[in-house]
Structure formats: C-alpha cells, structure tokens
Amino acid sequence: MNPHDIIIKPIITEQSMIDAESKKYTFKVAKNANKYQIKDACEEIFEVSVDKVNVMNVRGKVKRMGRTEGKRPDWKKAIITLKPESKEIKFFDNI
C-alpha cells in the first residue's frame, strides 16, 4: 500500500497543536491500516523516527436534517509520538 494512501490528512485542533509541542502528531488514517503500516508510512513521508503509535476508531455521528436521519462515516485516528532525538514534522511548524 502507498504511504500516502495510509496517512490521509492531519487533524488540526487546539489539543493537537498543544500535543505537537511535545512531538505528538494526530492524523486521519486509512481504516484498514495497522500500527506498523502507519509507523512505516510516517517515517517514509516525513523522514522522522517514530517512537510510538496510538490508534483509535472514531464512530460517525448521527445527524438529522428535518425529520430524516443520516450518519457520518466512521474513521480511524492515529496519534504518532516521535523519538526525542528525531526532527519535528515541518508541516505543523507553519500553522
């Protein structure tokens, strides 16, 4: 699987920006990817050394539009912790 297919996009929130100061970065990842694939993809794309990967499945919310009800899709979130000697991910420096 292509590394760019595994890591879909970064998640940018207040909490993720606070965690970025301690080298923890949050990404939306492919639902079928495991921790090892996410670690390899992150190391290949950003050229950093990954210490730990935490993964969680996020359930989509049920939303209403009038009397009809729909559901947002489920997705997977990964929190990637870098090693202390690793460089930071440059994408988050500009934000």
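Can you tell me which residue in the stretch 34-68 is nearest to Ile89 (Cα to Cα), limited to those that are of a type in the set (Gly, Ala, Ser) and in contact with a strand residue (DSSP E or B) (Cβ under 7 Å, 6 or more places away or on another chain)? The extreme case among them is Ser49.
Taken residue by residue, the stretch 75-91 has no member that is hydrophobic (A, V, I, L, M, F, W, C), free of Cβ contacts under 8 Å to residues at least 40 places away in the same chain and under 19 Å from Ile11 (Cβ atoms). Restricting the stretch 33-61 to residues that are among the small types (Gly, Ala, Ser) and in contact with an Asp or Glu (Cβ under 8 Å, 6 or more places away or on another chain), the residue that is surrounded by the most Cβ atoms within 10 Å (Cβ to Cβ) is Ser49.
So which residues in the stretch 1-51 are assigned to a helix (DSSP H, G or I) and charged (D, E, K, R)? Those that are assigned to a helix (DSSP H, G or I) and charged (D, E, K, R): Asp5, Glu14, Asp19, Lys35, Lys39, Asp40, Glu43, Glu44.
Residues in the stretch 1-57 that are more than 13 Å from Ala78 (Cα to Cα), modelled with pLDDT of 95 or more and small (Gly, Ala, Ser): Ser49 only.
Contact annotation: residue pairs with Cβ atoms under 6 Å, 6 or more positions apart or on different chains, pairing a residue in the stretch 59-73 that is over 18 Å from Lys28 (Cα atoms) with a partner that is in a loop (DSSP other than H, G, I, E, B), are Lys71/Gly60. Residue count for the stretch 46-95, restricted to those that are more than 22 Å from Asn32 (Cα to Cα) and of a type in the set (Phe, Trp, Tyr): 2.
Remark: pairs (first residue in the stretch 31-56, under 16 Å from Lys83 (Cβ atoms); second residue at pLDDT below 95 and among the aliphatic types (A, V, I, L, M); Cβ separation under 6 Å; 6+ apart in sequence or on different chains) = Phe46/Ile89.
The values are calculated or read from the model by the stated rules, or taken from the named source; none is laboratory data. Keep in mind the model is a prediction, meaning the values are calculated, not measured. Positions of Cβ are generated from backbone atoms using ideal geometry, with glycine treated the same way; all protein chains shown enter the neighbour counts.
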